[in-house]
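Here's the structure, in structure tokens; my notes come after.
Bear in mind that the values in this text are calculations on the coordinates, not laboratory data. From a predicted model like this one, the values you see are computed outputs, not experimental measurements. Ideal geometry is used to build each Cβ from the backbone, glycine not excepted, and the neighbour counts take in all protein chains shown.
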2 protein chains.
Amino acid sequence: MRNLKLEIEYDGTNYAGWQVQPKAHGKTIQAVIEKTLRKILREKIKIIASGRTDAGVHARAQVANFFTSSNFPLSRLKIGLNGILPEDIKVIKLNEVGPDFHSRFSAKSKIYRYTILNRGYSSPLWRNTVYFYPHPLDVKLMQKEAECLLGRHNFRAFCASHGREKDQIKEIRRIAISRKKDFIYIDIEADGFLYNMVRNIVGTLIEIGRGRIPRGSLKKILLSRNRRLAGQTVPPRGLCLLKVKY
Amino acid sequence: MRNLKLEIEYDGTNYAGWQVQPKAHGKTIQAVIEKTLRKILREKIKIIASGRTDAGVHARAQVANFFTSSNFPLSRLKIGLNGILPEDIKVIKLNEVGPDFHSRFSAKSKIYRYTILNRGYSSPLWRNTVYFYPHPLDVKLMQKEAECLLGRHNFRAFCASHGREKDQIKEIRRIAISRKKDFIYIDIEADGFLYNMVRNIVGTLIEIGRGRIPRGSLKKILLSRNRRLAGQTVPPRGLCLLKVKY
């Protein structure tokens, strides 16, 4: 049995997320890749990802692995996969890893990027990959306030109410908020993320950047562990899984 | 009568170009905007663009103008337009100009950008706005060779055979070819462009960058005025009208 590791880029716009969610409808990225692997390898394949991404969320390099008894050559497998996969899902890397490698449990950290288009009018060319927010945002203040999230904390206040993760303690290792012309990038690296955690943090940071909640609020919300105090969940389209570190 | 100038961003993927072409089918960007203006201003509007863009070609700032007898306030008109226009067409600027302003005839130059994704696998996230070309390209050589195109020349060799422009003399003022990670940008500024001119020049530059035609070929092709000597026409999706200068 070989253990094969995939790096996958996808545009999540037309999918119900990586994996079927209880209430989700429509095709999932995982199902499309498994079906394609089965076609080529002629055996049933189950792939394990570093984590789920929600409907509409993108990935520049999602990582997944699977076991196969097939000896199909790797370079041909990658070409074959990309030949069959739809335009919005492509395998960017494929290599063999040791039998102990597990995309989810071996991951040391993940980096998500949330992109806000911050100008007076939305963008046709970026419409599926950014969240358009027309009101002025104070990026420096957002960065300063965000720093209280660094380190190990219980992030329950930023966890969707229907997320039922047992372990709500996560460690955020880096938050970098930067502006480049009309785009604001919020990069968050953590050892793990709760359901909707990035989108809830970003929603709260937007309230701060707009001056609608006072300085110091983010820390209070974090400590409260009360989801109702945090800002709105921003739309999935602005979210992208940039990298998984092992 | 007021003469109103529009700057428009659009994703051309789902359109048959700016203006209806003889053989084209499907909706055009011009028709969608005219219909929207008519709805708001309650009069028939004819808009004049700086030039046509082909099916699948994008614009970051196409310029168009139109005359109206309506006194509708400009800021409300812009908001109204963007509220009705589809997600892939938005008005980014709207202002009143003098009666002599003509989007096409007043233009001093236009800048087009062609983007090549130059790596071993295509990109789901960029699939509609880049041309994926997997073979290595020598960008420095492309830039060096491209410089013979600067200045006033007859560009017939790079004009689509069914383009019937009388004036095939154009002046290219700048060609900048640069690489940023996996992306190659080819920016061309000229006082005007023949039909498919950018896409034919890029197709020829790719042959040069790949080493499939010898150095000096571009100048020979230019002087030959023979379309059959130039490279293939690259796909429209990589092309974007960046700016029109007045």
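For this structure, a couple of remarks:
- In summary, A:ARG127 fulfils each of the numbered conditions (1) away from chain B (no Cβ under 14 Å); (2) among the charged types (D, E, K, R); (3) more than 23 Å from A:VAL244 (Cβ to Cβ) with the single exception of condition (1).
- Taking the numbered list (1) over 19 Å from A:ARG228 (Cα atoms); (2) crowded, with 17+ Cβ neighbours inside 10 Å in turn, A:THR204 passes all entries but (1).
- Unmet requirement for A:ILE177, which otherwise passes all of (1) among the aliphatic types (A, V, I, L, M); (2) under 17 Å from the mean Cα position of the chain (by Cα); (3) within 14 Å of chain B (Cβ to nearest Cβ): (3)
- Test for B:SER122: is it surrounded by 20 or more Cβ atoms within 10 Å (Cβ to Cβ) and in a loop (DSSP other than H, G, I, E, B): no
- Among the candidates B:LYS90, B:LYS144, B:LYS78, residue that is charged (D, E, K, R), over 22 Å from the mean Cα position of the chain (by Cα) and either under 30 Å from A:ASP88 (Cα atoms) or within 13 Å of chain A (Cβ to nearest Cβ) (or both): B:LYS78
- Flag if A:ALA146 is exposed (fewer than 15 other Cβ atoms within 10 Å of the Cβ) and in contact with a strand residue (DSSP E or B) (Cβ under 7 Å, 6 or more places away or on another chain): no
- The residue that is nearest to the chain's Cα centre (by Cα), among those in the stretch B:211-246 that are among the charged types (D, E, K, R) and under 17 Å from B:TYR114 (Cα atoms), is B:LYS243.
- Selection over the stretch B:192-207 of residues that are in a helix (DSSP H, G or I) and of a type in the set (S, T, N, Q) gives a count of 2.
- Residues that are within 14 Å of chain B (Cβ to nearest Cβ) and surrounded by fewer than 15 Cβ atoms within 10 Å (Cβ to Cβ) were ranked within the stretch A:93-118; the one that is nearest to the chain's Cα centre (by Cα) is A:LYS93.
Residues are listed down the side, and each one gets a yes or a no for (1) part of a helix (DSSP H, G or I); (2) in contact (Cβ under 8 Å) with a residue 12 or more places away in the chain; (3) touching a Cys at 6+ places or on another chain (Cβ under 9 Å):
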| site | (1), (2), (3) |
| --- | --- |
| B:LYS46 | no, yes, no |
| B:LEU77 | yes, yes, no |
| B:GLU87 | no, no, no |
| B:TYR114 | no, yes, yes |
| B:THR129 | no, yes, yes |
| B:HIS135 | no, yes, no |
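- Total residues in the stretch B:23-71, condition in contact with a His (Cβ under 8 Å, 6 or more places away or on another chain) and not polar (S, T, N, Q): 1
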